[in-house]
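Structure record follows, encoded as structure tokens.
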Amino acid sequence: MDGRNSYDRIFNSILISGITVSCFYWVCESFMFFFLAPEANFIQHLMGPDRFNTWTRVLVLCLFAIFGSHIQYTINKEREADVALRSSDEKYRSILESVEEGYFETDLLGKIMFLNGPLCRILGYDADELSGMATQEFTTPETADTMEGILDEVQRTGEAASVSNYVVRQKDGGLRDLELSISLMKDGLERPVGFRWVVRDVTERRRAEEDRKKLEIQLQAAQKMEAIGTLAGGIAHDFNNILMGIQGNASLLEIRLEGGHPGREKVKNIEKYVDSGTQLSRQLLGFARRGKYNVKASDLNDIIEKTASMFARTRKEIRVHRQLALDLWTVEVDRGQIEQVLLNLYINAWQAMPKGGDLYLITENLTLDESYVQPYRVKPGRFVKVTLADTGIGIDKRDLHRIFEPFFTTKAMGRGTGLGLASAYGIIKSHGGHINVYSEKGHGTTFNFYLPASLRKAVEEAVPVAPAVRKGRETVLLIDDEEMIIDVGCGLLKELGYTVIPARSGLEALDIYRKRSREIDLIVMDMIMPGMGGGETFDRLKQINPRARVLLSSGYSINGQASQIMERGCDGFIQKPFNLQQLSAKLRQILDEKQLVADSS
């Protein structure tokens, strides 16, 4: 390689080239004179016969040297230009092959005249297949129609254009989304001769953006449901307090009326209406994720079998198909709440099939990873999946995103309150699970809900026994900020034979308990109070007397803050609204246990 470079340097030298041409001319001139004048000597042959001839040779030699040097200079420049052009072409080609973008050039009709390797990878064709191919052959019809107008505009104005949605069809039939930049090519006379195209494959980026948008929508929906749930929970709490006032007064009135009094029937009606209101309130609390009461390890198959059998007996036009996993994991749930979820979903399916149809119930074990559960804000791990699919009329896409909102319903007036699916959503979320829905108009609806699996064995359901009214003589400290609850509570407790000391705030209760703790046998305390709440009041009562017996009462269920107070040593919980029998049973349960402990010590 070094020898070749040395040879090129010598050969390309202007001086050496000129001298070589000049010497060649001199030798030729000398030979000519040798034949014309053979009698002359060597010096005369070499230099010429006279001075004029000698100077003529020198002049001609100089002209030849200059002319030869110019020729060589021109050849060298052309050679350098060729080398530079080849180098530039190789560099240009190398750059085009190394970038991610596809590049190609077409004539005015769209036939490819030049292309790079990335374009082949994007479209899935070989270079030979693409060369000479028209762009219309690998674009979708819609894209081809759009591009026709864009190309006309670029050719007319000469300005480059960008296209954000250039859809092409690969050789194997797959579709790819491309971003395109296109500009006009002109010849030396400024006449249009074709187009330059630069394309970037954005398919994966678009999919990632769509996934991110879906995730954002799911998170926003979850936050929206949480906000609505908080509002619904507050409404249910206040509603339960009102129902407590009605129920308490009804219980007191019933006791004062004689057995045959016509007013007793009206009181019973009032209690039925209170019970209906309580069910409505529980649905609101269920949506607000405050609906768990009695959590036990349970077999979901058993719950489904019982609820489905009851539903099938009353709705014979619906054919129920069961596909229940034999080795289904247990779940820790409030059976009553899960039964409510299932019945709400059954009724929703029945209403979607007015002429009858099929309802499919499927259970299975699943393990969900972090990526799947992230939008639903639940922990990854083992889950039991329950699927309810119907063959009904389906749900319009416009309504799907609102389907779990409270009081939202697509049914006619009087056909539903709009709380069934809302409470189902809240109950499942309160159990650490999640629920979703898929539906197409005219093709039925599928609900899937997932509940965390448990390692505990299922507990048999106990048969409930109606409580009897049991009276007592102990002293009870009643703490509540609602004057209505204080009035009704005092009346119920006095009717049961207890001495009642009312307190309308946590601070007042603490002051009373410091002075009279020896005579107070039990404290009935509200959980939600202004200023000092139930949790702080409970802790400070325990500081005064670690053996204090406390019954927690709330319009909320035993969930969240109430369960935390129970874990800190609270003796019991009673849900508002409650009647005389329920209050009597709770009081005696705690007080009798206290007496047993005292006797044993």
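The values are calculated or read from the model by the stated rules, or taken from the named source; none is laboratory data. These figures come from a predicted structure and were not determined experimentally. Every residue, glycine among them, receives a Cβ derived from its backbone with ideal geometry; neighbour counts consider all protein chains shown. Calculation scope for accessible area: heavy atoms of the full protein, side chains included, ligands and nucleic acids excluded. Shrake-Rupley method; radii C 1.70, N 1.55, O 1.52, S 1.80 Å.
Accessible surface ranking for Glu190, Glu105, 1.4 angstrom probe, highest first: Glu190, Glu105.
Which peptide among 507-516, 547-556, 76-85 comes first, and what is the full order, when sorted by highest mean count of other Cβ atoms within 10 Å?
547-556, 507-516, 76-85
Against the criterion of solvent-accessible heavy-atom surface with a 1.4 angstrom probe, Trp197, Trp350, Trp55 sort, most first, into Trp55, Trp350, Trp197. For Lys214, a cut-off of 25 angstrom between C-alpha atoms picks up these lysines, skipping any fewer than 8 places away in its own chain: Lys224, Lys379, Lys385, Lys397, Lys429, Lys441. From the Kirkwood radius over Cα pairs of the range 421-546, Stokes-Einstein at 20 °C and 1.002 mPa s returns a whole-number translational diffusion coefficient of 114 µm²/s. Per-residue surface analysis assigns Cys62 an accessible area of about 70 Å², computed on protein heavy atoms at 1.4 Å probe radius. Residue order by solvent-accessible surface for Asp327, Asp299 is Asp327, Asp299, largest first, with ligands and nucleic acids left out and a 1.4 Å probe. Exposure check, 1.4 Å probe, all protein chains in place: Leu109 carries approximately 130 Å² of accessible surface. Secondary structure note: in the range 426-528, about 40% of the DSSP beta bridges are antiparallel. How large is the translational diffusion coefficient of the range 516-583 in µm² per second when you combine the Kirkwood radius over alpha carbon pairs with Stokes-Einstein at 20 °C and 1.002 mPa s? It comes out at roughly 173 µm²/s.
Which of the aspartates and glutamates could a cross-linker bridge to Lys272, judged by Cα under 16 Å and excluding same-chain residues fewer than eight apart? Filter leaves Glu254.
In whole percent, and with a 1.4 Å probe on the protein chains, what portion of the accessible area of the range 322-379 is carbon and sulfur?
Whole-percent figure for carbon plus sulfur exposure: 53.
Within the assembled protein chains, the solvent-accessible surface assigned to Met310 is about 90 Å², based on a 1.4 Å probe.
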